[in-house]
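Data first, discussion second: the structure below is written as structure tokens.
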Amino acid sequence: MHLYLGQNPRTLYLVTSAHEEKQGCPHRALIFRVAETASQVVVEFLPADEVSLSNAVRVTNRVVKGSLGLISVENDIFLAVVTTATEVGNTRLSQSTPERVARIHEVQFFCLTSPAWDDFSPSQETLATYDAVDTLMSRETFPSTPSPPVFEHPCMPLTKILSSGSFYYALDPCWDISSRLSVRLTRGDSTQYDVGIFDDRFIWNEYVVKSLLDFREKLDPGERKDLDRCQFIILAIQGYVGVFTMALPAPPVSGAPVIVTLSLISRLGRKRAGTRFNTRGVDDDGNTANFVETETLLSTDQHCMSYTQVRGSVPLFWEQQGIQTFGQRIQITRPHTSQPAFERHFAQLIDEYGAVHAINLLGSKENEATLTAAYANHLNRARNLWSEQLGITHYDFHYAVKTAGHDSIIRDIERLKSVNDRMERFGYTLADASTGELITEQGGVFRTNCLDCLDRTNFIQDILSRKALEQYLRVVHLEWIHSGSLWTHHRELWAENGDALSRIYAGTGALNTSYTRSGKRTFAGVLSDATKSVSRAYINNFQDKGKQVAIDMFLGNLSNQAQVNIFDPVHDTVRRALEERVSEYSTTRWCHLFVGTWNVNGRPPSESLQPWLFPRDGFPDPDMFVLGFQEIVLLNPQQIVQTDPEKKRVWELKLMEAINGRPQKSSDYVLLRSEQLVGAALFVVVKSELTAVIRNVEGASKKTGLRGMSGNKGGTGVRLDYYDTSFCFITAHLAAGHSNVGERNVDFQTIEKGLHFLKGKSIASHDNVVWLADTNYRIDLDNDSVRSLAERGEFDPLIAVDQLKQAIDDREAFVGYEEGPLLFPPTYKYDVGTNNYDTSDKMRIPAWTDRILFKGKLDLAVYSRAELKGSDHRPVFGLFRTQVRIIDAVKKAALSRLLLETVLAAAPGEKLDDKIASLVLPSETIDLPLPSTDESCWWEKLDSHDGRLVISPAYVETPPSNPFDSSGSSPLSSPSSSDEELYSRAADLSRLPAPMSPTPLNNRGISHTDYL
């Protein structure tokens, strides 16, 4: 097909070519132009004969392969098209309908909204050679910061990712490259294949192509079939596809060789995508970093054999922050609250694949041993849920290589009873080549991991793939087990697979591939691995952040992104109505917060913290304790260069001891997340039963000392979603010095604008924001006056000259934030252990340096200080309450369906807004008796028969279900769905995911408490 550009209005035309028409493709055009509404596009699918191209110009001499979708970047809308791709091969030669795969080499973005990015110069038409592709795959082309140079195309980072040679698509529209063989065959006849059905875990352009798929669904069946035949829409996976076709000897009956196709397809998951040090572990939905489904396919004229394995990061909350060298520092960020996400991950795997057996290849080094211990602990708890469906084998890969070399790995795997037993039990998928019917289906998968899920993992998966093929050959073609060409191609595929996945995640080819290819370890291979290790360390530390931003942009993960929608006034009306009626598909519950801040002056804990943490009797136990500390370490050069985490652990233990050790406690608490930036530390402690409904917990820091190079001053934050309400907490230590007001203002602005969480989330992205900090703002009054007024409790004159209040009034800092009334004496500076303000030679002027400021829908009940004397500051605290919203996705989908039906049924000229406003939700109620009172009981009015009361069936039978009521096992919450997802799923509520309810960490041992 060809791409044309027309003006007045600016329009892009994708038109089928004469060559495609000769191959049976209809002569059609897909037309794009911008709608009047922001982030909307008008799309038309017309016969090409009805489209006038007389005033249009062809924007590229390339033959366009298809469109990946539409994306909005920097307020412009771009159409992404594949301009260069090569065929990899046919994975099932014996099939009547081919299953060919193409590898994408070049993607270009053409702007729909502005001519500013038009570039039709010959330099843009240079064919991407394989050398050029390899250059593009190098991480060195990605900037270390997301800021592009002047005049760089805004989609250039996306172009580099998509043109890296790691994306593939089905060259024929009749098969689904995102799904493994058994799933495809279960769907039925390939000639009836629906392009809109795919495994959304692996379609990387799902976000940008969604609007086009929605447009496709609204076409008539005949037009939809024509659109698919033209292949205007491309669905792409990332990973690796390799195909080898060979001739193997046949039994002596005929003597003719058999043509065999050996293929390897690796599908990289998109739901927790990213680069090595930026994306680790699991998220709250159970998605893990570097999750890959790898399928080995062996196709002959009789059968097609498929064997599937998966890999993925250790499914716990863990990270690697800061500069990482060869001794990688691992932080398990939520050690006490990982179980719900861990169980979600394995629940998804078991639901998708059947039984799961994990192979953990982590070693005995300190960091890896910590992960292994936590992994084993979580899996032992999960076994109570799945029994024989879940198992694990721990195998120290590095130790085995160190003691006996790589050859010993193959022997060890052969001897592992737990692995061999599962190999026999899981089996493989086998299908009849002529009929496409399933003969046997694989009953489970191995889930292999190391630290990065690259080199060690690929080595073991290669072995398991060969064992599965041998298992099949022993039954069908025993003579092929010793075929040299078969195993040579198998080794080459796995070596290429390891290199491809490693380039995507770590920036270089895989280690150990020289052994995978040749079966022996060489000096050249050792030298190559050493070079790759050094390259990885540099690339991952200094160049991957720019690529991470680009990945998140392409996947639609950035919080400030607007998805491009096809102009559709009907669904726009429904969307607006849904936003206005949010109370009809959601509920709220009260959330109580304790927020505290304390500068501890580099001193260890020396007194009970309970007077600070539990300052008022009669208040409900907080759902969350949010505690910020400053100067938990002495701010000397050694600590600034390499912070000692031990001091943070000391305070963490002291806090948990005080919270869980109080008498007559009604709730247990766990540490949800902690963050440290030199002397500043932030702890978020939550009720254990709430860990299942607190999601997307992240931490981030921003240095402000020495112009952003030093962490002696700066801020650290934690963000989270409690049900469907977001919170952000920041503790900070701003610039010191009585007169350095300007520096403090700048520090605040630097943190407020520069502290970013994953997927583009900033402080301003959240519903509720709380700062708990040593702000260091002082009082502009002489020392004697301040002390005298403070001692007499006359605070108003001091507040009038408080630097922070003045900065807020002048709109220089904390604009839009609130603070409670200052009804307590200044918290700084005291002689340690006394109630006396500073008597040292410096005689500091007392000040309210320690403050809590907030914005959002937070009600402050108490704002005060505690009289702990272990520091030269007094701790400050605030007791808050707020309502968190709980969106019921089932109710929202049902309301969406009802609104859509109402809009579509509107008669011409009817006032639609009035009709929607008067829409009454269906209600199926049963007339029940009035509640009993002291004077009258409802059962006294029932009839009796033979001495027995006759109770109406209406009182005891389960009433018909109401589409606006959740089921009896309804969860308190479920992850929110986008409006577009709800429209497409509203008609089939059974497809909605089961929402989740809070689950205590100790396996449902604690009841829920809801404060009113």
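Of note:
- Residue in segment 885-897 that is touching a Phe, Trp or Tyr at 6+ places or on another chain (Cβ under 6 Å), surrounded by 23 or more Cβ atoms within 10 Å (Cβ to Cβ) and under 28 Å from Asn836 (Cβ atoms) present: no
- Tally, over segment 395-409, of residues that are in contact with a Ser or Thr (Cβ under 8 Å, 6 or more places away or on another chain) and of a type in the set (Asp, Glu): 1
- For beta carbons closer than 7 Å, sequence separation of 6+ or different chains, a first residue in segment 395-410 that is free of Cβ contacts under 8 Å to residues at least 60 places away in the same chain and surrounded by 12 or more Cβ atoms within 10 Å (Cβ to Cβ) and a second that is polar (S, T, N, Q) and part of a helix (DSSP H, G or I), the qualifying pairs are Ala400/Ser408.
- Of the residues Arg311, Arg267, Arg280, the single one that is among the basic types (Lys, Arg), surrounded by 23 or more Cβ atoms within 10 Å (Cβ to Cβ), more than 16 Å from Ala433 (Cβ to Cβ) and within 15 Å of the chain's Cα centre (by Cα) is Arg280.
- Complete set of residues in segment 201-244 that are among the charged types (D, E, K, R) and in contact with a Pro (Cβ under 7 Å, 6 or more places away or on another chain): Asp226, Asp228, Arg229
- Selection from segment 676-685 of residues that are over 22 Å from the mean Cα position of the chain (by Cα) and either surrounded by fewer than 24 Cβ atoms within 10 Å (Cβ to Cβ) or touching a residue at least 40 places away in the same chain (Cβ under 8 Å) (or both): Gln676, Val678, Gly679, Ala680, Ala681, Leu682, Phe683, Val685
- Only listed residue being surrounded by fewer than 23 Cβ atoms within 10 Å (Cβ to Cβ) and not acidic (Asp, Glu), chosen from Thr849, Thr882: Thr882
- Residue in segment 245-278 that is farthest from Val101 (Cα to Cα), counting only those that are in a strand (DSSP E or B) and in contact with a helix residue (DSSP H, G or I) (Cβ under 7 Å, 6 or more places away or on another chain): Leu248
- Against the list (1) open to solvent by 40 Å² or more (accessible area, probe 1.4 Å); (2) modelled with pLDDT under 90, the condition Met156 fails is (2).
- Only one of the numbered conditions (1) closer than 30 Å to Ser17 by Cα; (2) open to solvent by 40 Å² or more (accessible area, probe 1.4 Å) is violated by Pro251, and that is (1).
- Residues of segment 229-244 classified as farther than 24 Å from Glu293 by Cα and either open to solvent by less than 10 Å² (accessible area, probe 1.4 Å) or assigned to a loop (DSSP other than H, G, I, E, B) (or both), total: 3
- Within segment 821-850, residues that are over 22 Å from Leu804 (Cα atoms) and in the same structural domain as Phe880 (by the TED database) have Cβ atoms under 7 Å from residues that are surrounded by 17 or more Cβ atoms within 10 Å (Cβ to Cβ) and among the aromatic types (Phe, Trp, Tyr) in these pairs: Asn836/Tyr830, counting only partners at least 6 apart in sequence or on another chain.
One line per residue, one yes/no per condition, for (1) at pLDDT 90 or above; (2) of a type in the set (Phe, Trp, Tyr); (3) within 33 Å of the chain's Cα centre (by Cα):
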site: Asp568; (1), (2), (3): no, no, yes
site: Thr588; (1), (2), (3): yes, no, yes
site: Leu593; (1), (2), (3): yes, no, yes
site: Pro605; (1), (2), (3): yes, no, no
site: Gln610; (1), (2), (3): yes, no, no
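- Listed conditions (1) crowded, with 21+ Cβ neighbours inside 10 Å; (2) of a type outside the set (S, T, N, Q); (3) closer than 30 Å to Val686 by Cα are all met by His336, apart from (1).
- Set Gly24, Gly69: member being surrounded by fewer than 14 Cβ atoms within 10 Å (Cβ to Cβ), touching a helix residue (DSSP H, G or I) at 6+ places or on another chain (Cβ under 8 Å) and small (Gly, Ala, Ser): Gly24
- Residue within segment 213-229 that is within 18 Å of Gly556 (Cα to Cα) and free of Cβ contacts under 8 Å to residues at least 40 places away in the same chain present: yes
- Condition check for Arg456: within 30 Å of Trp318 (Cα to Cα) and in contact with a strand residue (DSSP E or B) (Cβ under 7 Å, 6 or more places away or on another chain): no
- Check on Gly816, open to solvent by 40 Å² or more (accessible area, probe 1.4 Å) and within 45 Å of the chain's Cα centre (by Cα): yes
- Among the candidates Val208, Val260, residue that is crowded, with 19+ Cβ neighbours inside 10 Å, over 30 Å from Asp301 (Cβ atoms) and in contact with a strand residue (DSSP E or B) (Cβ under 7 Å, 6 or more places away or on another chain): Val208
- Selected residue (only one of Ala29, Ala80, Ala56 is in contact with a Phe, Trp or Tyr (Cβ under 7 Å, 6 or more places away or on another chain) and surrounded by fewer than 20 Cβ atoms within 10 Å (Cβ to Cβ)): Ala56
- Residue count for segment 774-803 under the criterion of being under 12 Å from Leu822 (Cα atoms) and either touching a residue at least 12 places away in the same chain (Cβ under 8 Å) or in a helix (DSSP H, G or I) (or both): the result is 9.
- Any strands (runs of 3 or more DSSP E) falling wholly within segment 416-498 and containing at least 1 residues that are open to solvent by 10 Å² or more (accessible area, probe 1.4 Å), in contact (Cβ under 8 Å) with a residue 40 or more places away in the chain and over 23 Å from His357 (Cα atoms): 429-432, 438-440
- Meets criteria (part of a strand (DSSP E or B), surrounded by fewer than 24 Cβ atoms within 10 Å (Cβ to Cβ) and in contact with a helix residue (DSSP H, G or I) (Cβ under 9 Å, 6 or more places away or on another chain)) for Arg673: no
- Checked against (1) in contact with a helix residue (DSSP H, G or I) (Cβ under 7 Å, 6 or more places away or on another chain); (2) over 30 Å from Ala764 (Cβ atoms), Leu822 meets all criteria but (2).
The values are calculated or read from the model by the stated rules, or taken from the named source; none is laboratory data. Computed from a prediction, not measured in an experiment: that's the story for all the values here. Note: ideal-geometry Cβ built from the backbone for every residue, glycine included; neighbour counts use all protein chains shown. All accessible areas refer to the heavy atoms of the entire protein, side chains included, with ligands and DNA or RNA removed. Shrake-Rupley method; radii C 1.70, N 1.55, O 1.52, S 1.80 Å.
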